Amino acid sequence: MRLIAVTSQNGRTVTAHAGRCRRFFLFGDSGGPMVGTVELLPEEVLHAAPLGPGHPLAPIRVLISAGMGQDLYQRLSACGIQVYLTRESSPEMAVRLYLAGVPSLPCNANSGCGQHQSPHAS
């Protein structure tokens, strides 16, 4: 099973600023219910910490967020993690859209990241 993490700082909605987010909802790639949560310590946020084998988010393969910077996008990509940007506010619905192959948001000045698509889009 491939783990999908969704940024949700407030515990209710998909949030932007993935690099500073401390709370993540975890989903499997089967489209089922949430399988867990991860709460990062301040020194573990993605903006400040490398995503090495000991990091709490090391097992994820997809990160869904409302936005992130170019540097974080490049670091996640180098670790084999796919980034999916969404305007969807519901974490569960954002995962469903990703799994259905709905394309990731195009990058712009607000998101600051590279161009990427969902794995099912061509």
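Results, tabulated for the structure shown:
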| item | result |
| --- | --- |
| Of all residues in region 36-57 being hydrophobic (A, V, I, L, M, F, W, C) and modelled with pLDDT of 95 or more, the one that is surrounded by the fewest Cβ atoms within 10 Å (Cβ to Cβ) | Leu41 |
| Considering residues of region 70-96 that are within 12 Å of the chain's Cα centre (by Cα) and over 24 Å from Pro33 (Cα atoms) only, the residue surrounded by the most Cβ atoms within 10 Å (Cβ to Cβ) | Tyr73 |
| Region 13-55, residues that are assigned to a loop (DSSP other than H, G, I, E, B), under 16 Å from Pro91 (Cα atoms) and among the small types (Gly, Ala, Ser) | Ala16, Gly28, Ser30, Gly31, Gly32 |
| Any hit, region 27-39, residues being of a type outside the set (Asp, Glu) and closer than 15 Å to Gly67 by Cα | no |
| Flag for Met1 being in contact with a Ser or Thr (Cβ under 8 Å, 6 or more places away or on another chain), farther than 21 Å from Ser104 by Cα and not acidic (Asp, Glu) | yes |
| Residues located in region 65-87, provided they are more than 18 Å from Arg22 (Cα to Cα) and assigned to a loop (DSSP other than H, G, I, E, B) | Cys79, Gly80, Thr86, Arg87 |
| Qualifying residue in region 23-30 (condition: at pLDDT 95 or above and of a type in the set (S, T, N, Q)) | no |
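Residues are listed down the side, and each one gets a yes or a no for (1) of a type in the set (A, V, I, L, M, F, W, C); (2) touching a strand residue (DSSP E or B) at 6+ places or on another chain (Cβ under 6 Å); (3) more than 16 Å from Val14 (Cβ to Cβ):
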| site | (1), (2), (3) |
| --- | --- |
| Val35 | yes, yes, yes |
| His47 | no, no, yes |
| Val62 | yes, yes, no |
| Ser77 | no, no, yes |
| Ala94 | yes, yes, no |
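The values are calculated or read from the model by the stated rules, or taken from the named source; none is laboratory data. Quick caveat: nothing in here was measured; it's all calculated off a predicted structure. Cβ atoms come from the backbone with ideal geometry, glycine included; neighbour counts cover every protein chain shown.
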